[in-house]
Amino acid sequence: MSSNDSDGIRIDDPHNFPPQEDHYERLWTPQRMSYVLRDKSEEDRGNNNQNDSANTKSCPFCDALTKTDEDGLIVWRGKNVFIIMNLYPYNSGHVMVCPKEHVAMLTDLHDDVVILEFEKATQLAMTVMRNVSRPDGFNLGVNQGEAGGAGVATHLHQHIVPRWNGDSNFMPIVAQTRTMPILLENQRVAYAQEAARIANEFGL
Ligand SMILES: [Zn+2]
């Protein structure tokens, strides 16, 4: 419905605008993008210089690689890529697959061997989750650049989130709740043991 005032200007009735709510679930909203803990703020914000060695020092993913698996929350280490737990999971068991090289974009992965290992490690992570946690489905996602919602924009990481039927209602609660480290560590150990057991099935 529209109305006309005395000057003949048509004013659209805001009630006729398309509805704002579309009832789609949005899993990858930026406000939930608090990935791997630690000081991600300064080095990421406004700084999207991929391959900048200065960034590597303050990168949480590069930093994790220098630690023990337990301290770095690492599930599995391959030749060129690794799997790491997300400290602030969207859902229980949320992991990420990352290249060891500090590159920002998927398009920065030029080596076919690395690209293949990245995808195989994704398959490995999904299979580990299936065997350990029996999810009904998965969300895979790569947020590229800050505008794309990447919390750590300088180091490529693919999210793998296990999903269970009916879990969407508690997702916001989970996303805003810190997981207790001991539970996260229990999950990491279970995943790490399974990954070690089956990695060779993927040629890894
Ligand atoms: Zn890095």
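The values are calculated or read from the model by the stated rules, or taken from the named source; none is laboratory data. These numbers were taken from a predicted model, which means no experiment stands behind them. For neighbour counting, all protein chains shown are included, and Cβ atoms are generated from backbone atoms with ideal geometry for every residue, glycine included. The area values use the complete protein model at the heavy-atom level, side chains included, leaving out ligands, DNA and RNA. Shrake-Rupley method; radii C 1.70, N 1.55, O 1.52, S 1.80 Å.
Quick notes on this structure:
- Annotation: amide H of Phe138 within the under-5 Å range of Arg163, sequence separation 5 or more or interchain, hydrogens built in the peptide plane.
- Taking each residue as 0.36 nm, the span from Lys79 to Val189 lengthens on full extension beyond its C-alpha to C-alpha distance by 37.6 nm.
- Estimated at 0.36 nm per residue, the fully extended path between Ser92 and Asn131 surpasses their Cα-Cα distance by 12.6 nm.
- For the pair Lys67 and Trp164 in one chain, pulling the backbone fully straight at 0.36 nm per residue adds 31.7 nm over the alpha carbon distance.
- Order of exposure, largest accessible area first, which applies to Leu65, Leu73 with probe 1.4 Å: Leu65, Leu73
- Pair Ile115, Glu201: separation of 7 Å Cα→Cβ label points (nm): 2.7
- Where Thr66, Thr122, Thr127 fall by accessible area, highest first, once all protein chains stay in place (1.4 Å): Thr66, Thr127, Thr122
- Net charge of Cβ neighbours under 9 Å - reference Arg188; Lys, Arg +1; Asp, Glu -1: -3
- Across segment 85-97, coupling constants 3J(HN,Hα) worked out from phi with the 6.51/-1.76/1.60 Karplus curve, θ = phi - 60°, read 6, 8, 5, 10, x, 6, 8, 4, x, 4, 10, 9, 9 Hz, and Gly and Pro carry x.
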